[in-house]
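J.: Please see the structure below; I have some questions.
A short reminder: the numbers here are calculations on the coordinates, not readings from a lab. Note that the structure is predicted; figures quoted are calculated from it, not measured. Note that each Cβ is placed from the backbone with ideal geometry, even for glycine, and that neighbours are counted across all protein chains shown.
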Amino acid sequence: MSAGYFLKRTAFALLALAGLMIAVFFLVRLTGDPVNLYLPVDASQGARDAMRTKLGLDQPVFFQFLDWGGQMLRFDFGTSLWHNRPAIEVVLQALPNTLALGAIALTFAFGGAVLFGSVAAVRAGSWVDRVINLVSQAAASVPDFWLGLMCILVFAVTLRVLPTSGFGGPIYWVLPVVCLFARPFGTLVQIVRGSMLEALNAAFVRTARAKGAQTGRVTFVHALRNALLPAITVTGDLAAQFAGGGGVVEVVFGFPGIGKLLIDGILKRDFALVQASIFCVAIVIFIINIAVDMLYAAIDPRVRIEQ
């Protein structure tokens, strides 16, 4: 990757990030006055005015925006009202949980999709292909929240082999990973199968077979390498989605990730927490996009990332 390309992408990312954060600044203030949420209903007007002054909400929005802009330049997101701690500390504590959860789910989904999608393509039209198609389409269609509730009902309530929610050892990760795994797996199986069918019928594969190349090498080296490119693109998009947290899954299982943190921050009108969460997620998405570009170029020599 050339330095010019990286600098260009970084410049565009910074512009997009600035626009996003400005939009978030104004949008979170449309959710309501946090003073009404954090003070008792019978709180005096003096107490309300004092809290607004402390939070800087007594000033016109334009001056609030200027103060916020100065804080952003120092990477100071303020104090979380809900946690009574610097908002960035709360976010950085939750972010690794989300990244680990998403990485585990996507790793299993991608690996399983490559295996089953390739088998379905090689055995196209057979009963194996039909079964894999049926399972993958069902997995790609199932809603996360419904699957999460069903998993809790079966494995936690009925069989009592897994916890309903919480955070701790590996056993607490099983159900969230399964729920995040299902739809990406189903989607990627369909993509790998379609790409493999196209690659297996391509001229370069027919040439390799004509030269006497072994079937396994033709399938899993020549064809699969080209078939992986669309799957990598979709996996990158899925990783970017997961970087924002599997919000519904994290809420269903009480998993302390950034998705749950962001939803709670919105509901609790914790402006600093919401802004810090979105900022960190945007940075992670930029890194993921750069990594996907580099992986693309590494797998396919025809791809060149130029300035």
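J.: Can you give me the angle between helix 224-243 and the longest principal axis of the chain, using Cα atoms only, in degrees from 0 to 90, rounded to the nearest 10?
T.: That works out to roughly 10 degrees.
J.: Follow-up question, since we're still on this one. In terms of the ratio Rg/(2.2 N^0.38 Å) built on C-alpha atoms, what value belongs to region 70-211?
T.: Expressed relative to 2.2 N^0.38 Å, the Cα Rg reads 1.48.
J.: Which Rg and Dmax, in Å, describe the Cα atoms of region 26-78?
T.: Rg, Dmax (Cα atoms, Å): 12.4, 38.
J.: Moving on to the next point. Test of understanding: what is the full-extension gain from PHE108 to ALA124, defined as 0.36 nm times their sequence separation minus their Cα-Cα distance?
T.: 3.4 nm
J.: Cα axis of helix 45-55 to longest principal axis of the chain: angle in degrees, 0 to 90, nearest 10?
T.: The angle comes out at about 50 degrees.
J.: Report the relative contact order of the chain, percent, no decimals, based on alpha-carbon pairs under 8 angstrom and at least 6 residues apart. Walk me through the intermediate numbers first.
T.: Numbers: 358 pairs, mean separation 86.7, N = 307.
For the chain, the relative contact order is 28 percent.
J.: How far is helix 258-267 tilted off the main Cα axis of the chain, in degrees rounded to 10, range 0 to 90?
T.: Computed tilt is about 40 degrees.
J.: So what is the calculated 222 nm ellipticity per residue for the chain, using -39500 (n - 2.57) for each DSSP H run with n of 4 or more, over all residues, to the nearest 500 deg cm²/dmol? Before the final figure, lay out the partial values.
T.: Working: 13 runs with 214 residues, N = 307.
Estimated from H runs of four or more residues: -23000 deg cm²/dmol.
J.: Take every Cα pair under 8 Å in region 47-108 that's 6+ residues apart, average their separations, divide by the length, and report that relative contact order as a whole percent.
T.: Once divided by the residue count of region 47-108, the mean separation gives 13 percent.
J.: Here's something else I'd like to know. Kindly give Rg over Rh for region 6-109, based on alpha-carbon atoms, with the Kirkwood expression for the hydrodynamic radius.
T.: With Rh from the inverse mean 1/r over Cα pairs, Rg/Rh is 1.07.
J.: Excluding residues fewer than 8 places away in the same chain, name every one of the aspartates and glutamates whose C-alpha is closer than 15 Å to that of LYS54.
T.: Cα-Cα hits under 15 Å: ASP33, ASP67, ASP270.
J.: Compactness ratio of the chain: Cα Rg over 2.2 N^0.38 Å, N = residue count?
T.: Against the compact-globule rule of thumb, the ratio is 1.24.
J.: I would also like to ask the following. Would you mind working out the magnitude of the charge dipole of region 87-299 relative to its Cα centre, with +1 at each Lys and Arg C-beta and -1 at each Asp and Glu C-beta, to the nearest 20 Debye?
T.: Using Cβ point charges on Lys, Arg, Asp and Glu, region 87-299 gives about 800 debye.
J.: Moving to a separate point now. What residues have an amide H closer than 5 Å to that of THR79, excluding those fewer than 5 places away on the same chain, when H is modeled at 1.01 Å from N in the peptide plane?
T.: For THR79, the qualifying residues are ALA87.
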